[in-house]
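Below: the structure, in structure tokens.
The values are calculated or read from the model by the stated rules, or taken from the named source; none is laboratory data. Here the structure is a predicted model, which is why all the values come from computation and not from measurement. Cβ sites come from the backbone with ideal geometry, for glycine too, and all protein chains shown count toward neighbours. Side chains included, ligands, DNA and RNA excluded: accessible areas come from the protein's heavy atoms. Shrake-Rupley method; radii C 1.70, N 1.55, O 1.52, S 1.80 Å.
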Amino acid sequence: MPEPIEVRKVAIESVTDASGLARLIDDGVIEAHRVLAVIGKTEGNGGVNDYTRILADRAFREVLAAKGHPSPESVPLVWSGGTDGVLSPHATVFATTANAEPSDEPRLSVGIAMSDVILPEDIGRPAMIEKVAAGVREAMKTAGIDDPADVHYVQTKTPLLTLATIEDARSRGKEVVTDDTGASMDISNSTTALGVAVALGEIETPSADRIHRDLSLYSSVASCSSGVELDRAQIVVVGNVRGIGGRYRVGHSVMRDALDADGIWAAIRASGIELPERPHPSDLGGRLVNVFMKCEADPSGRVRGRRNIMLDDSDVHWHRQIKAAVGGVAASVTGDPAVFVSVAAVHQGPSGGGPVAAIADLG
């Protein structure tokens, strides 16, 4: 049986600020050697050259090392760049705990894994799906989850293509799926999501020609980010296990489009928080730890029948526009702008929408 989980959200007050993590350790809320994973938002541009992710990564690992974690380099730190609009930089810290109340109810469990190395030529191709799927299955085992239905959130971080890795592939006689490093971010995310969906039995393994094209294929629990700071998939599986004990529970749903606040409320209800028929942020009563979601500009260029120009805008990339829009919707639900909203959601939730996971404190 895996150990119960303590999970807390901390603010990030500057690009290299990890004081929130340090305070959790100093105050005895968590123990440094028990930290399993960190999932956070940084304030950069969210693009290929968003080095705020590397700065945050270094700052949090330095705190873990200083506070006594035996191998801080092995802890998955999954950073999503870009806090457009009202979104606020923050991190959610997951750690095991020895101080949990026993419970036979479903309670939060977390499993982590690293995939095999994902080569530049794997990105956007079946080889990447297979490597991610194997890693997800491994993370489920460490979480003590046998039934895929008990998995409610899978957060990943995978490599994207850079000029250097493209040249590396070609020096070995291999070709990559695209020469566009920016587009490779979306492709890496979408291929990873298919790997999650395959591992959880949501879909059969797709053929290469359906990757990043067949939008009817998706995972309802995958949240996939990519960056330049790693060469394999970091995988964090979050689900519920009976008998593990603890205060926390996770649930999920999907947003059908960028305005689907009901999809967010559905995930919160699924986490175990009882709500009235027409809920308000004040009904949460401090029980919501955080929500995690992916979003995507609808490829039709419309939301609820109304035309928008995100995909035609040459001044501000649609990544930033949809992230700000969905971030506003999410913050209006939770009453807190420190919510995890990530973009590039192909194969993650229905087209134009995205998956939502919510973690509740039921203690």
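Just a few scattered comments:
- Over region 167-247, the fraction of Cα-Cα pairs per 10 Å bin, rounded to whole percents and listed from the shortest bin up, is 14, 39, 30, 11, 4, 1.
- For the chain, the number of Lys pairs with C-alpha atoms closer than 23 Å, counting only pairs eight or more positions apart or on separate chains, is 17.
- Difference of contour (0.36 nm per residue) and Cα-Cα distance, A11 to K141: 43.7 nm
- Annotation for R58 and S216: the two label points, set 7 Å from Cα along the Cα-Cβ direction, are 4.8 nm apart.
- Stokes-Einstein D (µm²/s) once Rh is taken as the Kirkwood radius of region 61-108 over alpha-carbon pairs, at 10 °C in 1.306 mPa s: 112 µm²/s
- Cβ-placed point charges (K, R +1; D, E -1), dipole of the chain about Cα centre in debye, nearest 20: 260 debye
- The 3J(HN,Hα) values that the Karplus relation (6.51, -1.76, 1.60; θ = phi - 60°) gives for region 275-284 are, in residue order, 9, x, 4, 10, x, 10, x, 5, 6, 6 Hz. Gly and Pro appear as x.
- For region 307-314, 3J(HN,Hα) per residue [Karplus equation, 6.51 cos²θ - 1.76 cosθ + 1.60, θ = phi - 60°, Hz, x = Gly/Pro]: 6, 10, 10, 3, 7, 9, 7, 8
- Near D168, once Lys and Arg are set to +1 and Asp and Glu to -1 for all other residues with Cβ below 11 Å from its Cβ, the sum equals 0.
- Using Cβ point charges alone (K and R +1, D and E -1), the dipole size of region 25-75 about the Cα centre works out to roughly 100 debye.
- Distances between placed amide hydrogens fall under 5 Å for D361 paired with L288, V289, all partners being 5 or more residues away or on another chain.
- Surface composition of region 122-177: carbon plus sulfur atoms hold 52% of the accessible area, using a 1.4 angstrom probe and ignoring ligands, DNA and RNA.
- Size of region 109-159: Rg and Dmax of its alpha carbons, in Å, are 11.6, 34.
- Ratio of the Cα radius of gyration of region 237-291 to 2.2 N^0.38 Å, where N counts its residues: 1.20
- Antiparallel DSSP beta bridges within the chain, percent to nearest 5: 75 percent
- Computed on the Cα atoms alone, the convex hull of region 264-363 gives a volume of 103 cubic angstrom per residue.
- Projecting the Cα positions of G245, L215, N45 onto the charge dipole of the chain (unit charges on Cβ atoms of Lys, Arg, Asp and Glu, taken about the Cα centre) puts G245 furthest along the positive direction.
- Rg over Rh for region 1-44 works out to 1.00, both radii taken from alpha-carbon positions and Rh defined as the Kirkwood radius.
- Diffusion coefficient, µm² s⁻¹, Stokes-Einstein with Kirkwood Rh over alpha-carbon pairs of the chain at 10 °C and 1.306 mPa s: 79 µm²/s
- Hz values of 3J(HN,Hα) by residue in region 154-162 - Karplus curve (6.51, -1.76, 1.60), Gly and Pro given as x: 10, 9, 10, 9, 10, x, 10, 8, 10
- Debye-sum result for region 1-99 in log10 I(q)/I(0), which assumes one identical scatterer on each alpha carbon, at q = 0.10, 0.16, 0.24 Å⁻¹: -0.25, -0.62, -1.25
- Surface accessible to a 1.4 Å probe, per residue, for the residues of the chain, Å²: 40 Å²
- With semi-axes defined as the square roots of five times the eigenvalues of the C-alpha gyration tensor, the equivalent ellipsoid of region 65-150 measures 26, 22, 16 Å, largest first.
- Expressed as a whole percent, the accessible area of region 309-363 that falls on carbon and sulfur atoms is 52 (1.4 Å probe).
- Every pair of different Cα atoms in region 220-263 enters the Kirkwood calculation, which places the hydrodynamic radius at 13.9 Å.
- Distance distribution note for region 83-132: the fraction of Cα pairs above 17 angstrom is 66%.
- Under 11 Å, Cβ to Cβ, from R256 - net charge with Lys/Arg +1 and Asp/Glu -1: -3
- With all protein chains in place and a 1.4 Å probe, the accessible surface of region 1-56 carries 49 percent carbon and sulfur.
- Applying the Kirkwood pairwise sum to the alpha-carbon positions of region 287-327 produces a hydrodynamic radius of 11.5 angstrom.
- With all protein chains modelled, accessible area of R302 [1.4 Å, Å²]: 110 Å²
- Contact order, relative form, for the chain: 22 percent (alpha carbon pairs under 8 Å, 6 or more residues apart, mean separation divided by residue count).
- Candidate residues E274, E6, E105, E229: accessible-area rank, largest first, probe 1.4 Å: E274, E105, E229, E6
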